[in-house]
Amino acid sequence: MDVTIHSAFLPHDDPDAALAFYRDVLGFEVRGDAGYRGMRWITVGPVNQPGTSIVLYPPGGNPGITDDERRTIAEMMAKGTYAMITLSAEDLDGLFERLAAHGAEVVQEPIEQPFGVRDCAFRDPAGNLIRINELR
């Protein structure tokens, strides 16, 4: 059985800011940009990994979600506790400098973790936590 990861979903509350961050700062390619009833689902991914994508989605657009749930999601996104993803890079320090220079919110500078990974952390424009591991 050959199972792979096709896509992961991260919420956004500003599609233009999300697009600028993932495309222009991280360098991901845009694979799709679909709108429906004033909402946008944007699919991005690393150029060298055509089979793996991140779908940036409006969390309030999920069917069956209540107004209370929308408020809770908005509160958690504002605090940066709703969603996260871990990426990896060969040049962690270079990527860290690029993200910081573009004004991304730094959560943690590059550090050697006690569990054997060197990584850093940022928040994207929607508050999602992005951890970046250094490839070794």
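The values are calculated or read from the model by the stated rules, or taken from the named source; none is laboratory data. These numbers come from a predicted model, not from an experiment. As a convention, Cβ positions derive from the backbone with ideal geometry for all residues, glycine included, and neighbour counts pool all protein chains shown. In case anyone asks, the SASA skips ligands and DNA or RNA and just uses the protein heavy atoms, side chains included. Shrake-Rupley method; radii C 1.70, N 1.55, O 1.52, S 1.80 Å.
Across the range 57-71, which residue is most open to solvent (accessible area, probe 1.4 Å) among those that are within 23 Å of Arg31 (Cβ to Cβ) and not in a helix (DSSP H, G or I)?
Here the answer is Asn62.
Among the residues of the range 75-83, are any in a strand (DSSP E or B) and hydrophobic (A, V, I, L, M, F, W, C)?
No: the range 75-83 contains no residue that is in a strand (DSSP E or B) and hydrophobic (A, V, I, L, M, F, W, C).
Is it the case, given these coordinates, that Ile65 is within 13 Å of the chain's Cα centre (by Cα) and under 18 Å from Phe9 (Cβ atoms)?
For Ile65, the condition - within 13 Å of the chain's Cα centre (by Cα) and under 18 Å from Phe9 (Cβ atoms) - is not met.
Under 8 Å between Cβ atoms, at least 6 apart or on separate chains: pull out the pairs that start in the range 30-55 with a residue that is among the acidic types (Asp, Glu) and end on any residue that is open to solvent by 50 Å² or more (accessible area, probe 1.4 Å).
As it stands, the answer is Asp33/Arg40; Asp33/Trp41, since those pairs meet every condition given.
Tell me which residues, restricted to the range 17-51, are more than 13 Å from the chain's Cα centre (by Cα) and closer than 14 Å to Leu87 by Cβ.
Val47, Asn48, Gln49
For the range 90-136, give me every one of the strands (runs of 3 or more DSSP E) that falls completely inside it and has 2 or more residues that are free of Cβ contacts under 8 Å to residues at least 24 places away in the same chain and in contact with a Cys (Cβ under 8 Å, 6 or more places away or on another chain). Reasoning before the result, please.
Numbers: elements: 105-112, 118-123, 129-134.
Here the list reads 105-112.
Residue-wise test of (1) open to solvent by less than 60 Å² (accessible area, probe 1.4 Å); (2) over 14 Å from Leu26 (Cα atoms).
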residue	(1), (2)
Ile54	yes, no
Glu112	no, yes
Val117	yes, yes
Ala126	yes, yes
Ile130	yes, no
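Taking the range 77-106 as the search range and keeping residues that are open to solvent by less than 70 Å² (accessible area, probe 1.4 Å) and in contact with a Gly (Cβ under 8 Å, 6 or more places away or on another chain), which one is modelled with the lowest pLDDT?
Looking at residues that are open to solvent by less than 70 Å² (accessible area, probe 1.4 Å) and in contact with a Gly (Cβ under 8 Å, 6 or more places away or on another chain), I get Gly80.
Test of understanding: among Tyr22, Tyr36, which residue is open to solvent by less than 30 Å² (accessible area, probe 1.4 Å) and among the hydroxyl-bearing types (Ser, Thr, Tyr)?
Of Tyr22, Tyr36, the one residue that is open to solvent by less than 30 Å² (accessible area, probe 1.4 Å) and among the hydroxyl-bearing types (Ser, Thr, Tyr) is Tyr22.
Being modelled with pLDDT of 95 or more and touching a His at 6+ places or on another chain (Cβ under 7 Å) narrows it down to one of Leu56, Leu10, Leu19, so name that one.
Step by step, each of Leu56, Leu10, Leu19 is checked, and only Leu56 is modelled with pLDDT of 95 or more and touching a His at 6+ places or on another chain (Cβ under 7 Å).
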